[in-house]
Every structure is written in C-alpha cells, then in structure tokens.
Amino acid sequence: MIYWDHNAAAPVRPRVATLLARAYSEGGWGNASSVHRSGREARGRLDAARARVARVLGCEPKEVCFTGSGSEADALALKGTWLGRKEQRRRRVVTSTLEHPAVLAALKQLEALGAEVVRVRPGRDGRVPLEALLEALTPETLLCSLMWANNETGVVQPAAEVSRACRQRGILFHTDAVQAVGKLPTNLREVDADLLALSAHKFGGPAGAGVLVVRKGMEVQALTPGHQEAGLRGGTQNVPYAEALALALELAHEEQPAHAARVEALRDTFEREVRTLVPDVTVNGEGARVPNTSNLCFHGADGESLLIALDLEGICVSSGAACASGTLTPSHVLLAMGLTPAQAHGSLRFSLGPETTEADVARVVEALTTHVPRARALNGE
C-alpha cells in the first residue's frame with residue numbers, strides 16, 4: 001500500500017508506539033490529581049511531558065494545555081477567549097475563509113453570541129492577502145485567527161506577519177499550527193501567537209491528543225470546567241498520550257530539516273511527471289507550501305471516481321480535508337480560491353510522508369496516467 005494521506009493522519013512512530021505499549025503494560029495508571037504515590041508519579045510524568053513540549057515550542061511549561069485534539073484546541077482558543085474577554089466593546093474576530101472546519105464552526109457559534117466575524121478571502125494562489133487582513137484589524141477587534149499552513153493545499157499563510165501586527169495593535173492572535181509541525185520550523189519565535197493549536201496524529205503521535213498553547217496573561221474560559229490543566233480543561237489527564245505527544249513532537253522537530261528537503265524533492269518530481277504525462281492538470285496553490293503537499297486539479301475528471309480507482313490500486317489519497325470525507329460538497333478551500341465546483345470536484349490532495357520513496361512516486365504517476373482518462377470519460381469529457 002502507498003499511503004499519501006499524511007495531512008489526514010500520519011502513522012504512529014515506532015518509538016511512540018513502544019512508549020504507549022510500555023505505559024499500558026507496566027502500570028503507572030495513577031490519576032495525576034491523586035496525592036498517593038501512584039498519583040504523584042503520574043503528575044511527575046505529566047509535568048515532564050509538558051516541559052518537553054514547551055522546550056520545542058519555545059514557551060513556558062505552564063502555558064501548555066493538553067487537549068483531546070487539534071479541533072478541541074481551536075475551539076477552546078476561540079470560544080474560551082470570547083467568553084473570557086474583559087473588554088466588551090471588542091466584538092470583532094478576523095479570520096480567513098480557508099480555515100479548518102473546527103475554526104469555522106466555532107466562529108459561527110460566536111456569531112450567535114454577538115461576535116462580528118470578518119472572513120477574508122484568499123487569492124487564486126491560496127494565500128490570504130496580508131493587506132486585507134491588516135485592514136480588517138480595527139480597534140474593536142478582539143482576536144485574529146489565521147492558520148499557519150492550509151491542510152488541503154499546503155499553502156503557508158502570513159501568520160508571522162499578522163502575529164506581529166496584532167501584537168502592535170493589542171489584538172490577540174490564534175494560529176492553527178496543526179499542518180505546520182514537522183513540515184516547517186514551528187515554534188513561537190517563528191510566529192508570535194497568543195494561542196497556538198497542534199494535534200499529535202499529524203506528526204506521528206496518537207489520535208486523540210492535542211495541545212493549546214495559552215500565553216501568560218491570557219483570559220480563557222474553560223469549555224469543560226474542572227481544576228485540571230490550570231483550570232482550562234477539566235477531566236482526568238491522559239498521561240501516556242501526553243508523553244507520546246511530547247516524544248513525537250521532539251522527533252518531528254529534530255527530523256524536520258532533512259525530512260522537508262527529501263519529501264519536497266519527491267513532491268516536485270511527482271508534480272513534474274504528472275503534468276508531463278497527463279494533459280490539463282494544474283496545481284492548486286502553487287506557491288509557498290509545506291513540502292509534502294500537492295493538490296492537483298485534473299480538469300474534466302470525476303475526482304471521486306479517480307480516488308476510488310487509486311484506492312483499488314492500493315494508493316491512499318484524499319479529495320480534501322479528512323473531516324469532510326464522505327460528502328459530495330466541494331472543498332470550501334478550493335471554492336474560496338476561485339475554483340468552480342467542477343474543478344474542486346476534480347481535485348485530489350496528495351500528502352507524502354517519511355516513508356515515501358521514488359518507486360512510490362513512479363507507481364502513483366503510472367496509476368494516474370491510466371485512471372485520469374477513465375475518470376474524465378465517466379464525467380463525459
């Protein structure tokens with residue numbers, strides 16, 4: 001099988017799997033809130049994992065809040081900040097139309113609570129114009145939310161520039177960094193965010209573990225009340241998953257430069273060969289991208305038929321965000337970039353990983369040369 005859907009979920013790293021197996025087979029299942037020996041041991045392990053995450057991200061350990069996912073981290077950042085705000089006149093939230101569904105859904109809920117949400121559209125290249133974002137940052141703005149890199153196209157957004165502008169204006173800044181970790185240098189020195197979300201299963205950790213960095217001095221109201229996680233997220237902490245996330249994050253950080261160079265070369269070879277051998281193919285968001293991601297539009301093809309044909313060949317790719325799979329609704333990201341519904345339906349995302357080889361590239365290209373003409377015939381082209 002060729003697995004090219006790493007933006008949806010990356011395989012668990014062997015060292016992480018070993019850590020988890022040991023954690024569940026050798027005891028140490030105490031509650032980190034308990035005062036007895038087993039509880040204190042769990043608390044020590046949790047604190048150590050928190051410190052390791054903080055070292056990689058460039059923040060203080062007490063600014064690291066463990067969550068159950070990147071989506072939960074995004075929701076806590078946006079809804080928690082709105083509920084915890086002190087300046088009631090600040091009712092504007094600025095974002096883009098490209099954001100992950102977790103962000104878009106949370107902001108829709110805030111609108112029902114009285115928020116004025118301004119959604120800035122990207123250009124055809126998939127990048128949100130910096131000038132348009134800055135223009136939207138009025139004195140009434142409470143928060144700006146802009147993803148670091150897009151999950152569907154891989155296009156890198158101007159998060160660093162916007163974070164600096166928000167800092168100068170006294171506006172809070174949140175970034176969904178889920179797709180940046182392991183692909184770009186990802187820390188708070190690169191993007192000076194007040195709130196930063198990530199998810200373990202995108203960089204070799206287990207699904208069900210995430211982090212929200214909440215910088216010191218932030219007023220964020222818990223969505224699940226409780227004393228855990230400094231009052232930001234109630235519920236017994238999953239210590240093995242926190243440790244697994246910390247290890248996966250350290251490994252992703254260490255390997256990032258070499259991994260990025262290798263996978264980008266493979267991605268570029270893939271795109272070059274596909275466009276040479278298959279007519280009428282364009283790259284959606286062919287600009288500054290994370291190195292592993294290629295979103296291709298096969299004009300005139302039925303994308304779902306093409307995806308199924310590749311799956312039958314043992315090639316796993318995606319027609320968009322994993323959260324939106326199983327729906328015939330065209331990608332909101334591609335539509336926001338100006339593609340027609342037909343073009344969006346004819347697009348597939350290929351997201352490569354550490355195990356991708358040159359032989360994999362050749363096999364996927366060969367499969368596309370066979371199946372794209374068939375997918376176009378099915379679509380009446």
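Descriptive notes on the structure:
- Residue within the range 229-246 that is in contact (Cβ under 8 Å) with a residue 24 or more places away in the chain, part of a loop (DSSP other than H, G, I, E, B), closer than 21 Å to E60 by Cβ and acidic (D, E) present: no
- Identity of the residue in the range 201-230, open to solvent by less than 30 Å² (accessible area, probe 1.4 Å) and over 20 Å from V178 (Cβ atoms), that ends up farthest from the chain's Cα centre (by Cα): Q228
- From the options L137, L133, L143, residue that is in contact with a Leu (Cβ under 9 Å, 6 or more places away or on another chain) and surrounded by fewer than 24 Cβ atoms within 10 Å (Cβ to Cβ): L133
- The single condition among (1) in contact (Cβ under 8 Å) with a residue 24 or more places away in the chain; (2) closer than 16 Å to N151 by Cβ; (3) not charged (D, E, K, R) that L335 does not meet is (1).
- Some residue of the range 120-128 being under 30 Å from A9 (Cβ atoms), in contact with a Ser or Thr (Cβ under 8 Å, 6 or more places away or on another chain), open to solvent by 50 Å² or more (accessible area, probe 1.4 Å) and charged (D, E, K, R): yes
- Of residues in the range 23-52 being assigned to a helix (DSSP H, G or I), closer than 22 Å to E250 by Cβ and not small (G, A, S), the one least open to solvent (accessible area, probe 1.4 Å): L46
- Leading residue by the ranking (farthest from L247 (Cα to Cα)) among those in the range 53-62 that are outside any loop (DSSP other than H, G, I, E, B) and open to solvent by 10 Å² or more (accessible area, probe 1.4 Å): K62
- Output for the range 331-377, where each listed residue is part of a loop (DSSP other than H, G, I, E, B), of a type outside the set (A, V, I, L, M) and closer than 20 Å to A260 by Cβ: G353, P354, E355, T356, T357
The values are calculated or read from the model by the stated rules, or taken from the named source; none is laboratory data. Quick caveat: nothing in here was measured; it's all calculated off a predicted structure. For neighbour counting, all protein chains shown are included, and Cβ atoms are generated from backbone atoms with ideal geometry for every residue, glycine included. Note: areas computed on protein heavy atoms with side chains; ligands, DNA, RNA excluded. Shrake-Rupley method; radii C 1.70, N 1.55, O 1.52, S 1.80 Å.
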